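Single-structure report; data block below.
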Amino acid sequence: MKTMIKLRLTVGVAALAFCLASIRPVRANSAVIPSDLPVEQALLTSAPAVPPPITRKHASKVIVNLEVREITKHLADGVDYVFWTFGGDVPGSFIRIREGDLVEFHLNNAPDSKMPHSIDLHAVTGPGGGAASTFTAPGHSSQFSFLALNPGLYVYHCATAPVGMHIANGMYGLILVEPKEGLPPVDREYYVMQGEFYTTGKFGEEGVQPFDLEKAVDERPSYVVFNGAVGALAGEKALKANVGEKIRFFVGNGGPNLVSSFHIIGNIFDTVYEEGGTVPSQHNVQTTLVPAGGAAIVEFQPKVPGTYSFVDHSIFRAFNKGAMGMLKVDGAGNPIVYSGKQSDTLYAGTSNEVAAVVKKKSPDVAGLDTQYAKGKSVFLQTCFACHQPNGQGLPNVFPPLAGSDYLMADKQRSIAIVLRGCNGEVSVNGKKYVSSMPALSVLSDRQIADVLSYVRNSWGNSGQAVSAEEVRTVRQAPVSDAAAASTAAPAGGSSAFE
């Protein structure tokens, strides 16, 4: 009898111990999470803004409310697209939490949505990264919770079938699980995310463009852009910084297909956290790979002022599909670090006599009508690297467009050159240039008309605008006729094809 009582007591004690163990505070990476965590609402920001660093030293229950909206927005000049979004923008809202936080996540699908949606957060440890718990019909809201076990910078995206189509329509963003000790302090943080868009029309073809599934499957995007649109981070929307500030970019790649070769022209990354990890993995980096569905953290410190372009260095994506942004850095120059041009002299080469370009200065065109404004956008996207933003070209290499007798002498010839390219010697303003211009037939008739109208009325040029009909006529003309038109030279000049 005593043995039976002792056995029952032992079993009872064991059962009580099991029950007590089952209600102990949860552990996350050995950090005890109390059951009565303080509660806070997550601060979500739209790109390129980033929520401020987390300064608290304890875990919290963080409530995230993220709304899915299907919305027609600007993709490029004259081009609209029906984006599927997390938070109304592409990329989706930036989410910043702390390692060890308990996240209560609410996914809300707007009542006017046409599709069900879900979310897969790569920061989640659990089936589908949350997708299995968040399949949400229009006008409904889903909730689940997860523990932020692993610090790092993670992509999130929709995971409703067909998954690729949802991502390609803009359903991706970044979530930062900040390490308990925080990231090293910097002066500025920015949110930059690359993505591809597969439209039925070519790059720049105007109107509301539908999604093209065949192009997506074949991985042939019409657009590759930062933050959801061509020029989203350029011109007046350029990111800003000052000389000497420490800058951190949280860089993501929503894909759905292409790997990004992220590069800032004229700056070197002091530190790179590869693939979104929290350990500095490399220093003094020129270009870092960001895989589709992946991320990276890059830090750098501009030493001299100027406007710095950042690109996907798969370079045709930058100059022909939109993968370009700008960082405008203000402050005092440092001629020891970077002098700027110090001389411009004649160079005869080994066999050809090449003359220097006569520099000219003229104000930018004011009061541009809609066509000229669109043409300027095409120029800054496609042409400025060779011809320079002020139309001055590169001495001894690319002839100037500013005040160019060659450009202004023959409108049809200029159309033919843009369509079919130009190789050989040309004479511009009495100076000879030997170089090559590639054919830009990928541009639409309207884009070519707009950009030629812009350059023919900029930087001291004054001429007739070019119409899309004129471009179409040259495009459809037999090659022999177009070549004949393009070889006509201005008085005292050489032809393009001599």
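Over the stretch 202-326, with the other protein chains present, what is the accessible area per residue in square angstrom, probe 1.4 angstrom?
Heavy-atom accessible area per residue stands at 41 Å².
Roughly how many percent of the accessible protein surface of the stretch 423-474 is carbon and sulfur, given a 1.4 Å probe and a whole-percent answer?
Carbon with sulfur: 50 percent of the solvent-accessible area.
Could you tell me the center-to-center distance, by alpha carbons, between the stretch 38-64 and the stretch 228-250 in angstrom?
One Cα centre to the other: 23 Å.
Any chance you could look up the accessible area of Ile71 with a 1.4 Å probe, heavy atoms only, rounded to 10 Å²?
Ile71 exposes around 40 Å² with every protein chain in place.
Please compute the modelled spin-label separation between Gln286 and Val397, points set 7 Å along Cα→Cβ, answer in nm with one decimal.
So the two model labels end up 1.5 nm from each other.
Please give the length that would be gained between Ile265 and Ser462 if that part of the chain were fully extended, namely 0.36 nm times their separation in residues minus their C-alpha to C-alpha distance (nm, one decimal).
In short, 67.6 nm is gained.
Suppose each label sits 7 Å from its Cα in the direction of the beta carbon; what would the Glu181-Met115 distance come out to in nanometres?
With each label placed 7 Å out from Cα toward Cβ, I get 4.3 nm.
Expressed in nm to one decimal, what extension gain is obtained for the pair Ser314 and His106 from 0.36 nm per residue of sequence separation less their Cα-Cα distance?
Working: separation 208, 0.36 × 208 = 74.88 nm, distance 3.74 nm.
Separation in residues times 0.36 nm, less the Cα-Cα distance, equals 71.1 nm.
What FRET efficiency do you get for Ile71 and Val442 if R0 is 25 Å and r is their Cβ-Cβ distance, rounded to the nearest 0.05?
0.30
Considering only protein heavy atoms, with the full assembly of protein chains and a 1.4 angstrom probe, order Lys411, Lys376 by accessible area, largest first.
The residues order as Lys376, Lys411, largest area first.
Alpha carbon centre of the stretch 427-483 versus the stretch 312-349: separation in Å?
About 25 Å separates the Cα centre of the stretch 427-483 from the one of the stretch 312-349.
Among Asn150, Gly204, Met165, flag the residue with its Cα farthest along the positive direction of the charge dipole of the stretch 148-236, charges on Cβ as +1 for Lys/Arg and -1 for Asp/Glu.
Asn150
Once amide H atoms are built 1.01 Å from N in the peptide plane, which residues 5 or more positions from Thr85, or in another chain, come under 5 Å H to H?
Arg69, Glu70, Ile71
Would you grab the residues whose amide H sits under 5 Å from the one on Thr199? Only those 5+ places off in sequence or on another chain, please, with H modelled 1.01 Å from N.
Asp212, Ser222, Tyr223
What nm value, rounded to one decimal, do you get for the distance between Thr200 and Ala132 when each label is placed 7 Å out toward the C-beta?
3.9 nm
Report ³J(HN,Hα) in whole Hz for each residue of the stretch 258-263, in order, from the Karplus equation J = 6.51 cos²θ - 1.76 cosθ + 1.60 where θ = phi - 60°; Gly and Pro get x.
Result, rounded to whole Hz: 8, 7, 9, 10, 7, 8.
Roughly speaking, to the nearest percent, how much of the stretch 258-312's 1.4 Å accessible area is carbon and sulfur?
Details: 1130 of 2210 Å².
Carbon with sulfur: 51 percent of the solvent-accessible area.
How large is ³J(HN,Hα), in whole Hz, for each residue of the stretch 103-117 in order, when computed from phi with the Karplus curve 6.51 cos²θ - 1.76 cosθ + 1.60 and θ = phi - 60°, using x for Gly and Pro?
9, 9, 9, 10, 9, 10, 9, 4, x, 8, 5, 9, 10, x, 9
Show me, for the stretch 403-414, the HN-Hα J-couplings you get by feeding each phi into the Karplus relation (A = 6.51, B = -1.76, C = 1.60, θ = phi - 60°), rounded to Hz, glycine and proline as x.
Couplings: x, 7, 5, 5, 5, 7, 6, 8, 5, 5, 4, 5 Hz.
The values are calculated or read from the model by the stated rules, or taken from the named source; none is laboratory data. Keep in mind the model is a prediction, meaning the values are calculated, not measured. Methodologically, a virtual Cβ is constructed for each residue, glycine included, from the backbone with ideal geometry; neighbour enumeration extends over all protein chains shown. Accessible surface is based on the protein model in full, side chains and every heavy atom, while ligands, DNA and RNA are left aside. Shrake-Rupley method; radii C 1.70, N 1.55, O 1.52, S 1.80 Å.
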